[in-house]
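K.L.:
Here it is, the structure, as structure tokens.
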Amino acid sequence: MRTSPGRYALLVLVLSARALAASVSEFEEYDAHVQPDVLRVRASASADASILTRLPINHPVRVVGAPTAEGFVEVRVRNQEVITPSDQDEVKGFVRADMLGKRQTEKMLEDQLGSARSPQEQWMWLERLMALRGSEADKERMRTLAQESGNKEWLAHAKRLEEPPPTVMGVCFQGRVSILAQLVGNKLEPLVESHDNTTRDSPEVRASEARLRARALELTTLRFSLFRPGMLDTGYLVQPRVVTEVDVTETARTRIELGPCPQLRGEVSVFNAHVFVSAPLKREQDATFSGAELARYVARLPSPVHELRVFTPPGRFIELNISGGVYLFEKGKPEVWACGSDACMRRRLTSTQAPVWLQLTSGQQVRIGSQTEDVDNTGWGTPANSGLWVSPDFVIHVFDGNGGLVEGRVSLNQYGC
């Protein structure tokens with residue numbers, strides 16, 4: 001029996017649909033790892049779709065959908081440091097199927113680089129090695145290849161490798177990581193924007209959202225050093241979003257959030273006062289000073305001394321707080337280096353609740369504290385203000401190796417505990 005062209009086309013369409021349905025029904029979810037140095041997760045299965053987040057090499061993903069005709073698969077990406085993740089703590093989007101595979105090792109990439117036949121292939125494998133380990137030897141090989149090729153894009157990329165990336169700082173606020181500021185060199189730039197006497201939908205607030213949304217995409221899958229009282233850790237966060245809230249004083253504050261505050265696997269208690277820094281920290285922790293060792297510093301404080309609190313941060317400082325006053329000493333030098341009164345006109349230090357001190361491997365020190373008793377029910381101060389409205393005002397001090405001091409203030413939205 002002869003089949004007409006129209007009926008033949010319809011038959012092919014029906015068979016194709018049945019085959020596709022069968023393949024979809026047989027699909028089983030599986031785990032994979034990112035292969036390139038950076039992988040874009042898009043809102044739909046298209047190279048032109050908006051970017052939801054970016055993932056680095058070897059980042060784990062869960063493939064939850066069969067390949068599309070365009071070569072994309074749907075994936076789910078979770079914050080890996082969350083003990084009990086929920087659907088709200090993940091990103092679902094689409095990536096190119098050929099950009100996923102097994103976890104890569106330095107040896108695998110070196111072997112691929114050694115067998116590369118073209119400069120383009122060499123550059124691709126060098127980019128992946130650079131993303132995986134970031135050694136000075138990899139930087140030099142990329143610089144050499146860029147110069148030999150004369151490729152302007154490669155030359156620009158190699159030049160950027162010489163510039164240290166901004167150091168981003170954030171805190172655990174209302175159970176989620178809120179980005180406060182970035183440190184470029186010794187310059188502190190707040191990443192929370194406020195607009196007084198405005199509304200949520202004003203042009204100024206919309207413009208702030210657009211600026212911070214562009215910055216948030218650069219921060220996706222932020223690798224960070226994490227500080228909690230008594231411990232240091234490392235990890236990463238995905239799922240950036242820009243949040244704008246109008247507080248009770250009609251001030252709109254726009255900020256970047258990077259997912260829930262992470263916890264160590266197996267940890268059952270919740271620690272607040274987390275501080276996140278996208279730069280390596282020195283892990284050495286100084287022992288607490290004895291009373292005899294502190295005596296010569298305490299002797300320099302105004303008398304009488306009430307409610308003395310001592311902070312012995314890693315690095316070169318000792319901080320003594322008394323009844324709202326703050327005094328900073330260099331270790332081994334019992335002269336006041338900076339303080340929160342008119343006695344220290346050259347270097348002023350703002351008093352904060354429960355400051356956290358961090359020392360970067362660059363040699364800089366960072367001090368982050370809040371001027372409220374409680375911003376997250378526990379953690380920064382005491383839970384005495386639980387149930388009240390508070391206005392979290394974070395103060396960041398940056399100290400360089402030459403005695404420079406930079407201060408920045410960042411206010412988050414008010415909220416009811």
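The values are calculated or read from the model by the stated rules, or taken from the named source; none is laboratory data. Predicted model, so just to flag it, every value in this text is computed and none were measured. Cβ sites come from the backbone with ideal geometry, for glycine too, and all protein chains shown count toward neighbours. Protein only, heavy atoms only, side chains kept; ligands, DNA and RNA dropped before computing areas. Shrake-Rupley method; radii C 1.70, N 1.55, O 1.52, S 1.80 Å.
K.L.:
Kindly establish whether Ala216 is open to solvent by less than 70 Å² (accessible area, probe 1.4 Å), within 19 Å of Tyr236 (Cα to Cα) and either over 15 Å from the mean Cα position of the chain (by Cα) or not hydroxyl-bearing (Ser, Thr, Tyr) (or both). Before the answer, list the steps.
P.N.:
Working: open to solvent by less than 70 Å² (accessible area, probe 1.4 Å): yes; within 19 Å of Tyr236 (Cα to Cα): yes; either over 15 Å from the mean Cα position of the chain (by Cα) or not hydroxyl-bearing (Ser, Thr, Tyr) (or both): yes.
Answer is yes for this residue.
K.L.:
Being part of a helix (DSSP H, G or I), of a type outside the set (Val, Ile, Thr) and open to solvent by less than 40 Å² (accessible area, probe 1.4 Å) narrows it down to one residue among Met130, Met124; which is it?
P.N.:
Met130
K.L.:
Within the range 178-213, which residues are within 26 Å of Leu405 (Cβ to Cβ) and open to solvent by less than 50 Å² (accessible area, probe 1.4 Å)?
P.N.:
The answer is Ser178, Ile179, Leu180, Ala181, Gln182, Leu183, Leu188, Leu191, Val192, Glu193.
K.L.:
Got a number for residues in the range 100-117 being without any contact (Cβ under 8 Å) to a residue 60 or more places away in the chain and open to solvent by 30 Å² or more (accessible area, probe 1.4 Å)?
P.N.:
Residues that pass the stated criteria total 10.
K.L.:
Of all residues being of a type in the set (A, V, I, L, M, F, W, C) and under 10 Å from Val192 (Cα atoms) in the range 400-417, which is modelled with the lowest pLDDT? Just the residue, please.
P.N.:
Among those that are of a type in the set (A, V, I, L, M, F, W, C) and under 10 Å from Val192 (Cα atoms), it is Leu412.
K.L.:
Would you point out the residue of the range 89-99, among those that are open to solvent by 30 Å² or more (accessible area, probe 1.4 Å) and part of a strand (DSSP E or B), that is nearest to Val41 (Cα to Cα)?
P.N.:
Ranking the qualifying residues of the range 89-99, first place goes to Phe94.
K.L.:
A follow-up question, please. Only residues that are in a loop (DSSP other than H, G, I, E, B) and of a type in the set (S, T, N, Q): list them for the range 180-222, please. Break it down stepwise before answering.
P.N.:
Quick first cut of the range 180-222, residues in a loop (DSSP other than H, G, I, E, B) only: 185-186, 191-192, 196-202, 220-221.
Residues satisfying the conditions are Asn186, Asn197, Thr198, Thr199, Ser202, Thr220, Thr221.
K.L.:
Just give me the residues in the range 148-179 being at pLDDT below 90, charged (D, E, K, R) and outside any loop (DSSP other than H, G, I, E, B), in sequence order.
P.N.:
Across the range 148-179, the qualifying residues are Arg160, Arg176.
K.L.:
Further question on the same structure: What is the number of the single condition among (1) modelled with pLDDT under 55; (2) within 16 Å of His397 (Cβ to Cβ) that Val356 does not meet?
P.N.:
Failing condition for Val356: (1).
K.L.:
State all residues of the range 292-333 that are assigned to a strand (DSSP E or B), loosely packed, with under 15 Cβ neighbours inside 10 Å, in contact (Cβ under 8 Å) with a residue 12 or more places away in the chain and not aliphatic (A, V, I, L, M); if no residue qualifies, say none.
P.N.:
Arg309
K.L.:
While we're on this one: Taking Leu145 and the conditions (1) in a helix (DSSP H, G or I); (2) of a type outside the set (Asp, Glu); (3) open to solvent by 60 Å² or more (accessible area, probe 1.4 Å), which numbered condition does it fall short on, given that it satisfies the others?
P.N.:
(3)
K.L.:
Oh, and also: Please pick out the residue among Arg309, Arg316, Arg265 that is farther than 26 Å from Val184 by Cα and modelled with pLDDT of 85 or more.
P.N.:
Arg309
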